[in-house]
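This report refers to the structure that appears directly beneath it.
The values are calculated or read from the model by the stated rules, or taken from the named source; none is laboratory data. The model shown is predicted, which means the values in this text are computed figures rather than measured ones. As a convention, Cβ positions derive from the backbone with ideal geometry for all residues, glycine included, and neighbour counts pool all protein chains shown. Surface areas here come from the heavy atoms of the whole protein model, side chains and all, with no ligands, DNA or RNA. Shrake-Rupley method; radii C 1.70, N 1.55, O 1.52, S 1.80 Å.
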Amino acid sequence: MRETESDGELLRAIAADGDRRAFEELYRRYAPWLLARLRGRCADAALVDDVVQETFLAVWRGTARYREEGYSDDAAGWLWRIGSRRLIDALRGDGARGRLRQALSRLRHRDEASAEERVLAGVEHGDLAGALVRLSPELRAVLQATVIDGLTTREAAVLLGIPPGTVKTRAMRARKQLREALT
């Protein structure tokens, strides 16, 4: 009964003996979530589908190694990190044709602004935009991961490759600097 096993147990079963049922359960749990998250980053649905498949193939083939130390069984953050990096690699490798296809896709769906685009559009000309620009890249990255991407502290830590405590500290510093800049 794989449904009751933790993510870590599933990943260990996949890595140890290529347990197909464990893999199928992990895929069932996380593929729709990863697909939705990556589609928020890229308008090319076919490319996102490919990236999700490549992400899970890396898990199945063992080319992506899960390490539990410090992440306390956080498969979602680990999968997000693999998927987002593969998406970036795919976009970089696609060259000018890919960038053109993505730009055309964005124009086609122009009337369907994402939540992030609506927030950023409302912020673009206000005081918050200036305050955000003045934040250090490290603080902005934490805000991007936790506020815009909606990641938990643990997921953001995995994505950014820093300890969870550092994510909390940077988020607190970013909020403090934004409060000071806006008052």
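Full extension of the chain between residue 162 and residue 129 yields a length gain of 9.3 nm, computed as 0.36 nm times the residue separation minus the alpha carbon distance.
Rolling a 1.4 Å probe over the heavy atoms of the protein chains gives the stretch 125-166 an accessible area of 50 Å² per residue.
Label separation (residue 136 vs residue 57): 4.0 nm, computed from points 7 Å beyond Cα along the C-beta direction.
Computed across the stretch 1-60, the Kirkwood radius stands at 12.1 Å (inverse of mean 1/r, all Cα pairs). If R0 is taken as 25 Å, the Cβ-Cβ distance between residue 20 and residue 85 corresponds to a FRET efficiency of 0.45.
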